[in-house]
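Beneath this line is the structure, given in structure tokens, with notes to follow.
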Amino acid sequence: MSSHAKKAANPGPLGLLGFGMTTVLLNLHNAGIIELSIVIVAMGLAVGGAAQIIAGITEFHEGNTFGGTAFCAYGLFWWSLCIIWVNPFRELIHGADEKSMGFYLLLWGVFTLFMFFGTLVHNTITKVVFLSLAVLFFLLAAGDFTGNHSIKAIAGYEGIFCGASAVYSAVGQIVNGEFNKTIFPL
């Protein structure tokens, strides 16, 4: 047996980048800066969805229930959101209206709030990511329930902050791990 033990890679940065970059891109749309386009749908399917699901399955394999649940759930959120937008079943079923989207986002907000409680034993940046994500879901739900586009725009800017926080966490974990010291405080 080799004297060099093989260290397992940390799947967290991949999941955080998948979540963070996709969240920033979508919320540029919510803030009214860019249009909803195939760019956001493709990013949602590949990076927001697949990358997070891969990271989540790896987290489960490593015994991390919180990370596995978070990454798989939010990866599947992205896939479900893209299906809602594209609606390949439009011949059989109506597309989403604001009321149904409000409940969809509200449920994700409640789930995220409960996940935030789990972060209370984690580092500061993880708390920031989950709390800002819960706020984002609640703002987006309120925007859909009321039809108020100003609330959606505010949510967009808050979502850019949330996504950027996740990207910062990912980069911090990667860089800190490479240098074996804290370069980016987490």
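General observations
- Loop-located chymotrypsin sites (Phe, Trp or Tyr not before Pro) in the range 29-114 (DSSP state other than H, G, I, E, B) with a sparse environment of at most 10 neighbouring Cβ atoms within 10 Å: 89.
- Net charge in the neighbourhood of residue 11 (other residues with Cβ under 12 Å of its Cβ; Lys, Arg +1, Asp, Glu -1) is -2.
- In the chain, helical runs assigned H by DSSP with n ≥ 4 each contribute -39500 (n - 2.57); averaged across all residues and rounded to the nearest 500, the mean residue ellipticity at 222 nm is -24000 deg cm²/dmol.
- Value of Rg to Rh for the range 28-182 (Rh from inverse mean 1/r over Cα pairs, i.e. Kirkwood): 0.98
- Ordered by the number of other Cβ atoms lying within 10 Å of each residue's own Cβ, fewest first, 131, 17, 107 fall into the sequence 107, 131, 17.
- Against the chain, whose longest principal axis is taken from its Cα atoms, helix 149-179 shows a tilt of about 10°.
- Exposed loop sites, defined as trypsin sites (Lys or Arg not before Pro) outside DSSP H, G, I, E and B with at most 10 other Cβ atoms within 10 Å, are absent from the longest region of the chain, namely 91-180.
- Shown here for the range 2-107: GluC sites (Glu not before Pro) in loop regions (DSSP other than H, G, I, E, B) with at most 10 other Cβ atoms within 10 Å, namely 35, 91.
Only the coordinates and a few stated rules stand behind these numbers; no lab work does. Since this is a predicted model, take the numbers as computed values, not measurements. Cβ coordinates were reconstructed from backbone atoms using ideal geometry, including for glycine residues, and neighbour counts include every protein chain displayed.
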